[in-house]
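Chemist: Structure in structure tokens, see below.
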Amino acid sequence: MSQQEDAANTSQMDSAPQPMARPQRKWLGDIERLKGLAIILVVWGHTYDTAFPVWAIGLRKAIYAFHMPLFMFLSGYVFVYVGAHKLKGSLSTYTSKRAKRLLIPFFIMAAIVILGKFFAGQFVSVDKPVNDLLLSVQHVFIHTEQSPSMFVWYLIVLFYFSIGTTFLFSRMNVSLNILFAASIIMFGLHVMMFYNDSILDYVYINRIFMFYAFFMAGCVACLHKDVWERFVERYFIPATAVFLVLLYVSFDSEWRYFLVGMASLVVFHGLIRSRLCNQNRVLEFIGQNAFAIYLLNTMFVGAVKAVFGRFFSVSDQALLLLLLATTAGVVGPIIVKYAIGRIGSLRPIAAAME
């Protein structure tokens, strides 16, 4: 999610006349660097293969405990920073803009992935193969955990969060702190449903219950930005110990997403703001291209895995595959984005990836 794009959308939504120009928002370099780190972890997770050795499968499970909570935190943080929750204009106009930004890419990528896997599956092995086109389309909406395009769930769930939170705050006067408290209860309900085999994987309802707490954590952190920044800078090192302990003790529990995920917000935001990373331009550049990477990374990861499997043993050379596929999944989409941006008729597509 681009800070510039969201700031522009927010200002366009505010139809009330302004006596003077709005002050320029400060560039959040730490948030861009954190997005860069988070999207690298996302791509790393997408390199999973059933033939991986135990250590690689365990590492993936550990990363999955916090990488999407971290991404949702960042989305909530930027959401409040650009003032989207304080909508003064038309809610329908805002909804339309959010749909253009999030739902159109969601449906386009779902269609590309389903068709791509259907045809590619005739020649090479693919993850979550598509043998029945109609059933795969159905799984985009019903029994979504079985969807071959499951990786794009973040887009539609973020749409729900942005519209719902804006409505509740700006129209119903529900405070962000209350919404945060409610979101924690929602996660508890998710755990109950998970252990009772009653997961609501219809139009991603289960993901709403599972991840709203992290979106709202980002909202509240930005609401108290100065306090939050001082806290993570001071305590991210001891929080790392807590993070590792929680990861160990909750590794096989559904609560690991909440416990490890919440601890990771302090650990990684503090790390990114520390002297070790506060001048890292590579992470910042990757963060600025996170949306393009999110949309396109699985194509490059899948291509590398298909070629790699023809020449090397996936189980014996797992680390090499992880490094190659992750690099391709990060660099490939950036190259595509900038290449498209150089073609006049395709520049709107590149702009949509900002």
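The values are calculated or read from the model by the stated rules, or taken from the named source; none is laboratory data. Computed from a predicted model, the values in this text were never measured in an experiment. In this analysis, Cβ positions are derived from the backbone assuming ideal geometry, glycine residues included, and neighbour counts consider all displayed protein chains.
Chemist: Within segment 337-345, is even one residue crowded, with 19+ Cβ neighbours inside 10 Å and part of a helix (DSSP H, G or I)? Talk me through it step by step, then tell me what you get.
Modeler: Taking segment 337-345 as the starting set, the residues that turn out to be crowded, with 19+ Cβ neighbours inside 10 Å are 337.
Checking which are part of a helix (DSSP H, G or I) leaves us with 337.
Within segment 337-345, one or more residues are crowded, with 19+ Cβ neighbours inside 10 Å and part of a helix (DSSP H, G or I).
Chemist: Determine the pairs where a residue that is under 16 Å from H67 (Cβ atoms) and modelled with pLDDT of 90 or more, located within segment 145-164, has a partner that is small (G, A, S) and not in a helix (DSSP H, G or I) with Cβ atoms under 9 Å apart, the partner being 6 or more residues away or on another chain.
Modeler: If the second residue must be small (G, A, S) and not in a helix (DSSP H, G or I), the pairs left are W153/S147.
One line per residue, one yes/no per condition, for (1) part of a helix (DSSP H, G or I); (2) modelled with pLDDT under 95; (3) out of contact with any Lys or Arg (no Cβ under 9 Å at 6 or more places or on another chain):
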{"residue": "A16", "(1), (2), (3)": "no, yes, no"}
{"residue": "R22", "(1), (2), (3)": "no, yes, yes"}
{"residue": "I39", "(1), (2), (3)": "yes, no, yes"}
{"residue": "W44", "(1), (2), (3)": "yes, yes, no"}
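Residue by residue, here is whether (1) among the small types (G, A, S); (2) within 17 Å of the chain's Cα centre (by Cα); (3) at pLDDT 95 or above holds:
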residue: F291; (1), (2), (3): no, yes, no
residue: N297; (1), (2), (3): no, yes, no
residue: A306; (1), (2), (3): yes, no, no
residue: L323; (1), (2), (3): no, no, yes
residue: V330; (1), (2), (3): no, yes, yes
residue: I340; (1), (2), (3): no, no, no
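Chemist: Starting from segment 186-200, take each residue that is over 16 Å from R256 (Cβ atoms) and list its partners that are small (G, A, S), counting only C-beta distances under 9 angstrom and pairs at least six apart or across chains.
Modeler: Filtered contacts from segment 186-200: M186/A213.
Chemist: Given the criteria closer than 30 Å to A318 by Cβ and either within 17 Å of the chain's Cα centre (by Cα) or in a helix (DSSP H, G or I) (or both), does Y77 qualify?
Modeler: Details: closer than 30 Å to A318 by Cβ: no; either within 17 Å of the chain's Cα centre (by Cα) or in a helix (DSSP H, G or I) (or both): yes.
It is false that Y77 is closer than 30 Å to A318 by Cβ and either within 17 Å of the chain's Cα centre (by Cα) or in a helix (DSSP H, G or I) (or both).
Chemist: Given the conditions (1) closer than 16 Å to T165 by Cβ; (2) surrounded by fewer than 20 Cβ atoms within 10 Å (Cβ to Cβ), which single one is not true for H85?
Modeler: Result: H85 passes all but (2).
Chemist: Of all residues in segment 168-183, count the ones that are touching a residue at least 40 places away in the same chain (Cβ under 8 Å) and in a helix (DSSP H, G or I).
Modeler: 6
Chemist: Shifting gears a bit: If you check every pair at least six apart or on different chains, which have Cβ atoms under 9 Å apart with a residue in segment 79-108 that is at positive phi first and a residue that is of a type in the set (S, T, N, Q) and assigned to a helix (DSSP H, G or I) second?
Modeler: G83/T10; G83/S11
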